[in-house]
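The values are calculated or read from the model by the stated rules, or taken from the named source; none is laboratory data. All figures in this text were calculated on a predicted structure; none of them were measured in a lab. Quick reminder, even Gly has a Cβ in these numbers, built from the backbone with ideal geometry, and neighbours come from all protein chains shown. Ligands, DNA and RNA are excluded from the accessible area calculation, which covers all protein heavy atoms including side chains. Shrake-Rupley method; radii C 1.70, N 1.55, O 1.52, S 1.80 Å.
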Amino acid sequence: MNKKKLSAESILEKARVRIVCDAPFFGAIACGLPSELDEAVETACTDGTRIRYAPSFLEKLDVRQVVGLIAHEVLHIALLHSVNRGSRDPQLWNQACDYVINLILKDGGYYLPEGGLLDEKYRNLSEYQVYEILAKDRAEKQKQKQQKQDDQSSSKQDDKSSSSGAGGDE
């Protein structure tokens, strides 16, 4: 059977119908919000008032994965992630929230797009706890990187001093 590739609009519409029927909580929220197709976003995102989808990303997914994607974005809204971010780093906060959301959806039997953030080590943790772990890990990596740069800089200074020919006893 020859399967025709669906447009982003078609796959999004099919997924919205399916989520309303299969998961009314997610469906009611999703259908109550404006959704936009926008190539300026990499995959999908929400600002808490609307959901934006990259058409080129949707076209790579099947309907079940788009249902999971819609549920993912709806959970960001339902859990007030944009409101609760506060002064936290936006990128790190989004990653922390993604880890928590994706475990919830996995447990609910949803199909998620490949490459999403999913790690069992964050099971039973809140987005706040995951954020603290990610922030600590990032700070440690930055510290190690800075130490390596300092060591290399110090080594270059030592090499320069010993090869300059100055400082011998004459």
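Please enumerate, by chain and number, the aspartates and glutamates with C-alpha under 12 Å from the C-alpha of Lys60, excluding those fewer than 8 residues away in the same chain.
Glu114
Counting only heavy atoms of the protein chains, get the accessible area per residue of the chain (1.4 Å probe) and round it to a whole Å² value.
On a per-residue basis, the chain sits at 65 Å².
Given the Cα-Cα distance of Leu33 and Arg50 and 0.36 nm per residue of separation, how much length would full extension add, in nm?
Length gained, Leu33 through Arg50: 5.6 nm.
Select from Tyr111, Thr43, Gly86 the residue farthest towards the positive end of the dipole of the chain; place +1 on Cβ of Lys and Arg, -1 on Cβ of Asp and Glu, and compute about the Cα centre.
Highest projection toward the positive end goes to Tyr111.
With only Lys, Arg, Asp and Glu charged, each at its Cβ (+1 for the first two, -1 for the last two), find how big the charge dipole of the chain is about the Cα centre; round to the nearest 20 debye.
700
Tell me whether the stretch 1-83 comes out rounded, prolate or oblate; compute the Cα gyration tensor, take square roots of the eigenvalues as a ≥ b ≥ c, and use a/c under 1.5 as the rounded threshold.
Since a/c reaches 1.5 but b/c is at least a/b, the shape of the stretch 1-83 is classed as oblate.
Just tell me the longest site-free run in the chain, where the sites are trypsin sites (Lys or Arg not before Pro) in a DSSP loop having at most 10 other beta-carbon atoms within 10 Å.
6-170
Find how much the distance from Phe25 to Ala139 grows on full extension, using 0.36 nm per residue of separation minus their present alpha carbon separation; answer in nm with one decimal.
Result: 37.2 nm gained on full extension.
Using a 1.4 angstrom probe on heavy atoms only, work out the carbon and sulfur share of the accessible area of the chain in %.
Working: 5430 of 11030 Å².
So the carbon and sulfur contribution to the accessible surface is 49 percent.
Stretched out fully, how many nm does the piece from Arg88 to Glu9 gain, at 0.36 nm a residue minus the Cα gap?
On the way: separation 79, 0.36 × 79 = 28.44 nm, distance 3.41 nm.
Length difference between fully extended and current span is 25.0 nm.
List every residue whose amide H lies under 5 Å from the amide H of Val41, counting only residues 5 or more places away in sequence or on a different chain, with H placed 1.01 Å from N in the peptide plane.
Residues meeting the criterion, in which the H sits 1.01 Å from N, do not exist here.
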